[in-house]
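Working notes, structure below.
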Amino acid sequence: MPDRPAPIDEADFTEVFLHGSGPGGQKINKTSSAVQLKHLPTGMVLKVQATRSRTQNRKIARQMLAERIELLEKGKESRIAIVGETKRKKKSSAVKKSKRKYRLLAEEKAAKAGKENAEEDLEEEALEDEGVNPEDMETPRQDSSKKGGDF
């Protein structure tokens with residue numbers, strides 16, 4: 001896997017701190033912890049408010065901007081593209097494995113059911129060989145009447 005992209009020159013982007021938005025109530029509306037970076041050569045704008053910390057948001061924003069610029073420059077050879085492709089392959093492999101597993105379970109279940117049916121067929125054939133019709137045989141029934149006295 002390629003190394004992480006090199007940091008961007010300070011002169012290549014502008015950095016602005018903004019009030020956040022979304023859930024968090026009064027605190028997020030009052031503090032300027034969201035970071036907006038604008039890459040001057042490409043005009044790309046990126047806003048990050050992943051955490052409540054301005055320094056962490058700043059670090060995350062710079063890293064994301066560097067990755068996106070690398071993706072523009074290198075395309076499929078960039079780290080993000082390679083990591084994304086690896087994740088896609090792993091997910092695809094997991095889906096295939098899951099399908100394979102459930103297909104095998106279904107085959108085993110069908111084979112087991114087939115084996116039980118085969119045993120019943122063998123019993124019927126044995127009875128027919130003896131001259132007894134299996135359909136004429138009475139199957140044991142459970143007595144549906146209540147056992148015990150009336151209450």
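The values are calculated or read from the model by the stated rules, or taken from the named source; none is laboratory data. These figures come from a predicted structure and were not determined experimentally. When we count neighbours, we look across all protein chains shown, and the Cβ atoms used for this are built from the backbone with ideal geometry, even at glycine.
The single residue among Gly84, Gly25 that is among the small types (Gly, Ala, Ser) and loosely packed, with under 11 Cβ neighbours inside 10 Å turns out to be Gly25.
The sole residue among Ile8, Ile28 that is over 27 Å from Glu85 (Cα atoms) and touching a residue at least 12 places away in the same chain (Cβ under 8 Å) is Ile28.
Being polar (S, T, N, Q) and surrounded by 13 or more Cβ atoms within 10 Å (Cβ to Cβ) is the filter here; which residues of region 28-50 pass it? Residues satisfying the conditions are Thr31, Ser33, Gln36, Thr42, Gln49. Of all residues in region 56-81, those satisfying the criterion of being surrounded by 15 or more Cβ atoms within 10 Å (Cβ to Cβ) and among the acidic types (Asp, Glu) are Glu67, Glu70. Have a look at Ala50, Ala34, Ala6 and point out the one that is touching a helix residue (DSSP H, G or I) at 6+ places or on another chain (Cβ under 8 Å), under 27 Å from Arg79 (Cβ atoms) and at pLDDT below 85. Going through Ala50, Ala34, Ala6 in turn, just one is touching a helix residue (DSSP H, G or I) at 6+ places or on another chain (Cβ under 8 Å), under 27 Å from Arg79 (Cβ atoms) and at pLDDT below 85: Ala6. Inspect region 104-112 for any residue being within 27 Å of Met1 (Cα to Cα), loosely packed, with under 12 Cβ neighbours inside 10 Å and not aliphatic (A, V, I, L, M) and give the result as yes or no. Looking for residues that are within 27 Å of Met1 (Cα to Cα), loosely packed, with under 12 Cβ neighbours inside 10 Å and not aliphatic (A, V, I, L, M), one finds none in region 104-112, hence no.
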